[in-house]
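Read through the structure below, which is laid out as structure tokens, and then see the notes.
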Amino acid sequence: MKLVTAVIKPYQLDAVKEALHALGVAGLTVSEVQGYGRQKGHTEVYRGAEYTVEFLPKIRVEVLTDEIDVEKIVDAVITAARTGKIGDGKVWVTSVDDVIRVRTGERGLDAL
Amino acid sequence: MEINTGNTAWLLLSSALVLLMTPGLALFYGGLNRSKGTLNMMMMSFSCIGLISVLWALYGFTLAFGTNGSSGVNKILGSFSQYLGTGTSWMNEIWQVGGQGIGIPTYVVMAFQMMFAIITVALISGSLSDRLKFGGWVLFALGWFTLVYVPVAHWIWGGGWIGANLGALDFAGGTAVHINAGAAALGVVLVLGKRIGWPRENMRPHNVPFVALGAGLLWFGWFGFNAGSELTVDSVTSAAFVNTQLATAAALCGWCLVEWLRDGKPTMVGASSGAVAGLVAVTPACGFIPPLAAILLGIVAGALCALAVSLKYRFGYDDSLDVVGVHFVGGWIGSLWIGLFATPGVNAVVAHKSLFFGGSADQLWRQIVASGSVSIYSFGIAAILALVLKAAKALRVSEDAEVGGIDIADHGETAYDLTPSGGAGGAFAMAGITPPPTGASSDGAAPVGEKVAG
């Protein structure tokens, strides 16, 4: 099993959610995060004094999946999240040892 | 003499306009401040409305505008008893200017001048944000009002040595209000010290729309401040009104121009600050100079104040919201402008020749002596008051209180509810997601309003 994690621009969340829904992804988790990548933050000037805003608001999307669907999911996320401008975010995939559904106690692929 | 209804109505309206400037100032300063001290910032303005109004009626007005029987004493301070308290004996008295009744009850003049005293003290607070004990502020306001504002108002407008003997001019308060408050701000700041983390830490304005709203209210109220200062309604009133608008508009352009050239982008904070700088600068001169000189004054004041607010970084004093850079510098520019452009063609009160209307420095040196004297006096007394408060441990809040926020430490309240249940947004708001309500917890302790579905 795999965990697909994407850090994306807030305004792209709707598109990513739609794309994952179209693939039949059963569930996902989103959280508010702050950070920066290559675009760094930005500077603002007030009364001649420069201030650097280092951390920008982002959204982290996490999806659990089996190994068969993982590439489709990654492709769907990057297609939906891409604006072509710096700051679009990143997607990474990690292996997951086990998954347990809390309500039933099902494990592994059955719990997805 | 009977009451002149036109003059009186205008001065009553002007009084209300000038009062509105102080809540405007609270928004202007509150928005420029960091969020954790914004209520304290606004409270420093609002507390002046409370405290100074009462003190003005009790003893401020008579000491500033009463006439002392001894002409020697009258040069320094007004009468101790003429308008002491809230005597109804002078309720029907008509105010005199130059021995002539102007058809306005003395009560109305008292109310009008009260609003000036309030905002002058409040102006100082902008340099002291986030670190001055609120109790210390109240004591400072009491002391500075009594020892500085009241006598200086008398020197300039109440028949004291600056107005009556020196012949320096100050139409609506360039020296009495802005230079006075600006010099005091510098005096206190040097004793009070910098905010923890300044200038290394990010202390950008937390609410720019507040800044713009505050500047707008100040601009609106300033018509009462400037055009009202003629007291009556005549050609000088109209000149003051028009000059106020022109100089302020030009200063807004001047400040933005500096930003555009230097930083690449004009800002809303800059436009608001430029407007205030223009209002400050035109205040002393608005009733003495022609409109073209007012436009020039605005451009110069807007540009110079935009540059002057950077001086604190060079010299290392934490004038938090630039009271020195805007009010002290702007007030001086306006005061000197009288020496350059004042003309009897606008106001018959102009008795000495200015540089561009008569080719003489006769008025200019009087302006320098007046503004210089008030600068030194106000700076000195303010610094002494701060030193006394410091010795009494009433000046600065503890480090914990300052870092945690003076709003919580000294007032027990916060400006904004930033918890998700209070509707705060962040990235989720940008993404169009509303955070789930946190009130309905599993132990059944749902908010009363949500128990209907039970």
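Since every read-out is calculated from the coordinates, none of them should be taken as a lab result. Predicted model, so just to flag it, every value in this text is computed and none were measured. Here the Cβ positions follow ideal geometry from the backbone for every residue, glycine too, while neighbour counts run over all protein chains shown.
Data overview
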item: For chain B, calculated [θ]222 nm from helices alone, where every DSSP H run of n ≥ 4 adds -39500 (n - 2.57); result: -18000 deg cm²/dmol
item: Two-decimal ratio, the stretch B:252-304, of alpha-carbon radius of gyration to 2.2 N^0.38 Å; result: 1.13
item: Straight-distance crosslink candidates among lysines, where the alpha carbon sits under 23 Å from A:LYS9 and sequence neighbours closer than 8 are dropped; result: A:LYS17, A:LYS40, A:LYS58, A:LYS72, A:LYS85, A:LYS90
item: Ratio of the Cα radius of gyration of the protein assembly as shown to 2.2 N^0.38 Å, where N counts its residues; result: 1.22
item: Whole-Hz ³J(HN,Hα) from phi, Karplus 6.51 cos²θ - 1.76 cosθ + 1.60, for the stretch B:105-110, glycine and proline x; result: x, 4, 4, 5, 5, 4
item: Simple label model, 7 Å out from Cα along Cβ direction - B:ASP417 to B:ILE196, nm; result: 2.8 nm
item: Other-chain or far-sequence residues with amide H under 5 Å of A:LYS90's (modelled H); result: A:VAL7
item: Chain B: relative contact order as a whole-number percent, Cα under 8 Å and 6+ apart; result: 21 percent
item: Crossing angle, helix B:268-285 versus chain B [Cα axis fit, 0-90 degrees, rounded to tens]; result: 20 degrees
item: Separation in nanometres of the label points that stand 7 Å from Cα toward Cβ, at B:LYS265 and B:VAL208; result: 0.7 nm
item: Reachable lysines from B:LYS194, criterion Cα separation under 27 angstrom, eight or more residues apart if same chain; result: B:LYS36, B:LYS133, B:LYS312, B:LYS390, B:LYS393
item: Using alpha-carbon coordinates, inclination of helix A:70-81 to the longest axis of chain A, degrees; result: 30 degrees
item: R0 of 45 Å, Cβ-Cβ distance B:LEU58-B:LEU311: FRET efficiency to nearest 0.05; result: 0.70
item: In degrees, nearest ten, helix B:329-341 long axis to first principal axis of chain B (Cα); result: 30 degrees
item: The stretch B:245-262 - phi-based ³J(HN,Hα) in whole Hz, Karplus 6.51/-1.76/1.60, Gly and Pro as x; result: 5, 5, 5, 5, 4, 5, 5, 4, 5, x, 5, 4, 4, 4, 5, 4, 6, 8
item: Mean projection area, nm², convex hull over Cα of chain B; result: 26.3 nm²
item: Förster-model FRET efficiency, 30 Å R0, B:VAL73 and B:ILE384, C-beta, rounded to 0.05; result: 0.85
